[in-house]
Amino acid sequence: SGSQNESHGVIGLMEVILADFERTVNSLHQIDGMSDEEFVQFQTQSQADIATNEADKKSADSDLMAQEASLDTLTEEKETLKKTKTAIQAELDNLKGMCVDTGM
């Protein structure tokens, strides 16, 4: 009779341990499932962010190319204006030489 009580106690203790183990396994599966879901959300958001950043970079590269082209055009115009100024200054100096200084 005493041995039977002890065996029921040991079996009961093993049943409690088994229930705790099963509960732990179920909790881990839930945590793992949440982690997968969170990973999928993270991956989806990351892919959207990457696509947005790539589009922004493409737009910025396009703007940069346009600005560089504009700078090239302005540099050419500046050189043309410098040459025009030099020619006008030479003509002005030539005309001044033709004027008679009357001293007035």
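Points to keep in mind about this one:
- Test: residue in region 56-74 that is at pLDDT below 80 and more than 25 Å from the chain's Cα centre (by Cα): no
- Screening the candidates S46, S7, S1 for the property of being among the polar types (S, T, N, Q), surrounded by 10 or more Cβ atoms within 10 Å (Cβ to Cβ) and modelled with pLDDT under 90 yields one hit, S7.
- Of the criteria (1) part of a loop (DSSP other than H, G, I, E, B); (2) modelled with pLDDT of 90 or more, which one G103 fails: (2)
The values are calculated or read from the model by the stated rules, or taken from the named source; none is laboratory data. Treat the numbers as computed from the prediction; the structure is a model and nothing was measured. Here the Cβ is made from the backbone with ideal geometry for all residues, glycine too, and neighbour counts use every protein chain on show.
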